[in-house]
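The values are calculated or read from the model by the stated rules, or taken from the named source; none is laboratory data. Just so it is clear, the model here is predicted, and its values are computed rather than measured. With ideal geometry, Cβ positions are generated from the backbone for all residues, glycine too; neighbour counts draw on all protein chains shown. All accessible areas refer to the heavy atoms of the entire protein, side chains included, with ligands and DNA or RNA removed. Shrake-Rupley method; radii C 1.70, N 1.55, O 1.52, S 1.80 Å.
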Amino acid sequence: SPASQVNIAVIGAGGVGKCFLSQLQGLAARKPSPKLNLVYIATSRKALYNENFAPIDVGSAIDSLASSSKAPHALPATVDYLSGSPHPVVLVDNTSSQDVAALYPSFLSKGISVVTPNKKAFSGSYKLWQDIFSAASSSGAKVYHESSVGAGLPVISTLNELIDTGDKVTKIEGVFSGTMSFLFNSFAPVAGQGGKWSAEVKKAQSLGYTEPDPRDDLNGLDVARKLTILARIAGIPVESPESFPVQSLIPKALESCSSGDEFLEKLPEFDSQMEEVKAEAERAGKVVRFVGSIDVASKSVKVGLEKFDASHPIAALQGSDNIINFYTERYGSNPLIVQGAGAGGDVTAMGVTGDLLKVLRQI
Ligand code: NHO
């Protein structure tokens, strides 16, 4: 029979984590069954929990966490602690931590379901990918990561449904980065003009679009991680996000900056390089955009700058929107297109909350 109560453990309470908590509060109010108990919440420095798994008030959790004097459990000890729960547990990983990601197989093999926007596990080594899904299938625990590609947009669920219903995906192409979309839409708009590159990068960070360190967006790795995930779902066993060509937009001289802040401070010195890239596209009557593509038949994956006519849907994107074109046998020459906001706390948390709902329907 379905569980009457489910315990929720949250690791990570930054931009996405805070939005998730507010969505969790709304969800608990709208759907009284099963009863959702927040039993554990941790950041890298602090934690909030009761030894006996008594629920924490969701509405005041962020304030209570800030004033908590408890340190988080060490990560492996978190697995043991949560396995002692009297009710089924869903772990919500809202960090970008590789260490948390590396423990998913342990959580899953103890029957703890995992939902997360964290790309690290699914785009890390192919072995970790296999370990995650085999741990889940032997214990019956569930794992969902919709927001690891395209934030709240139904990208992973759409790809899975195309495949599970017997369609053949031939090519996936699009703009997969909210940050890159925002940067190029505002730095090189179809209508001309546009702001300074470095100023737009700072704006993208303050709007919450970038990864915690904006260099993880500008070096192309964030897009490479997303393509690794989609390629694997499409059946291509990509070894890692470093195993295909990825163009970085970090100036050579800034590769060695020790922090994201130092990088942002020095970036204006290199604005002329990006101006040249923009001017070159303009001379060809086009605009430049940062795109990724997967060709399924040739198993080729690539990420980088490309030029588009102003009338192309990729050139006409707005704000931080993502656009993902699925070319399949069933859809023929007109691709199935998923488009909309691809970054930001609320839309990313929506994907996480949606995943939590998928788990709740199954436990
Ligand atoms: P923050 O604000 O840095 O918060 C991270 C939290 O994790 C902090 O509370 C920190 O203390 C905690 N933490 C880190 N390591 C920990 C550890 N070892 N133990 C315990 N706690 C730890 O990061 P965000 O912005 O809230 O992001 C959270 C996760 O969501 C990351 O994995 C990120 O990749 C993912 N995510 C975010 C977005 C977004 O828009 N912010 C998106 C997708 C996934 O679709 C979005 C996207 O791809 C954005 C991308 N930059 C783009 O397209 O431009």
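The table below gives the values:
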read-out	value
Scan of the range 308-363 for residues that are within 12 Å of the ligand (Cβ to nearest atom), part of a loop (DSSP other than H, G, I, E, B) and within 30 Å of Ile8 (Cβ to Cβ), ordered by number	Ser320, Gly342, Ala343, Gly344
Test: Ser85 is over 23 Å from Thr348 (Cα atoms), of a type outside the set (Phe, Trp, Tyr) and touching a strand residue (DSSP E or B) at 6+ places or on another chain (Cβ under 6 Å)	yes
Meets criteria (under 30 Å from Lys307 (Cα atoms), open to solvent by 10 Å² or more (accessible area, probe 1.4 Å) and either assigned to a helix (DSSP H, G or I) or in contact with a strand residue (DSSP E or B) (Cβ under 8 Å, 6 or more places away or on another chain) (or both)) for Pro154	yes
Close pairs (7 angstrom Cβ cut-off, 6 or more residues apart or separate chains): of a type in the set (Gly, Ala, Ser) in the range 135-154, open to solvent by less than 10 Å² (accessible area, probe 1.4 Å) and more than 13 Å from the ligand (Cβ to nearest atom) anywhere	Ala135/Leu108; Ala136/Leu108; Ser139/Leu108; Ala141/Leu108; Ala141/Ile112; Ala141/Ser113
Single match in Ala66, Ala121 (criterion: at pLDDT 95 or above and open to solvent by 40 Å² or more (accessible area, probe 1.4 Å))	Ala66
Any chance Gln205 is within 10 Å of the ligand (Cβ to nearest atom) and open to solvent by 20 Å² or more (accessible area, probe 1.4 Å)	yes
Conditions (1) small (Gly, Ala, Ser); (2) touching a residue at least 12 places away in the same chain (Cβ under 8 Å); (3) away from the ligand (no atom under 13 Å from the Cβ): number failed by Ala9	(3)
Pick from the range 92-132, criterion more than 15 Å from the ligand (Cβ to nearest atom) and out of contact with any helix residue (DSSP H, G or I) (no Cβ under 8 Å at 6 or more places or on another chain), ranking: nearest to Ile8 (Cα to Cα)	Gln130
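Okay, residues lined up against (1) farther than 23 Å from Ile314 by Cβ; (2) open to solvent by less than 30 Å² (accessible area, probe 1.4 Å); (3) more than 13 Å from the ligand (Cβ to nearest atom):
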site: His145; (1), (2), (3): yes, yes, no
site: Ile163; (1), (2), (3): yes, no, yes
site: Asn185; (1), (2), (3): no, yes, no
site: Trp197; (1), (2), (3): no, yes, yes
site: Val201; (1), (2), (3): no, yes, no
